[in-house]
Amino acid sequence: MHELQVTESILNIALKHAPADKVKKIVAIHLNIGELSDLENEWIQQYFDYLSKNTLAEGAKLVIERIPIRLKCDSCQNEFEIKRDEIKNIKCRQCGNKKCSLIAGRDYFIKNMEVI
Ligand SMILES: [Zn+2]
């Protein structure tokens, strides 16, 4: 299950950056998730609650910020943002070229953490 794996990797990264001798508890994790990702906020939080039991991150709140989808035109190198529903009809805003590369919008990463 994709979301479960992603959530597990987020938890592992968070725990790695919170050494048990310095951190008592992870209170919140700020995540950036690409607009193109299928990850649903409520599911990530639910998986996280389940996976983080008996760890420093138990009860941590996930604060999720979506990153816009960014493309770069293969022809004129113009970079631009699109909405998720525009992905099927990609066209460079500058030159009209349809071959563009995805440069952001699919990734997820931890922006920062609140610990005590
Ligand atoms: Zn272009």
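Tabulated results
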item	result
Qualifying residue in the range 42-52 (condition: open to solvent by less than 90 Å² (accessible area, probe 1.4 Å), farther than 12 Å from Leu31 by Cβ and among the β-branched types (Val, Ile, Thr))	no
The range 67-84: number of residues that are open to solvent by 90 Å² or more (accessible area, probe 1.4 Å) and either more than 9 Å from the ligand (Cβ to nearest atom) or under 30 Å from Asn12 (Cβ atoms) (or both)	2
Within the range 85-103, considering residues that are under 24 Å from Ile33 (Cα atoms) and surrounded by 14 or more Cβ atoms within 10 Å (Cβ to Cβ), the one nearest to the ligand (Cβ to nearest atom)	Cys92
Checklist (1) open to solvent by less than 100 Å² (accessible area, probe 1.4 Å); (2) more than 18 Å from Met113 (Cβ to Cβ) applied to Ile64, failing item	(2)
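The values are calculated or read from the model by the stated rules, or taken from the named source; none is laboratory data. Being a predicted model, the structure only gives us computed values, none of them experimental. As a convention, Cβ positions derive from the backbone with ideal geometry for all residues, glycine included, and neighbour counts pool all protein chains shown. Calculation scope for accessible area: heavy atoms of the full protein, side chains included, ligands and nucleic acids excluded. Shrake-Rupley method; radii C 1.70, N 1.55, O 1.52, S 1.80 Å.
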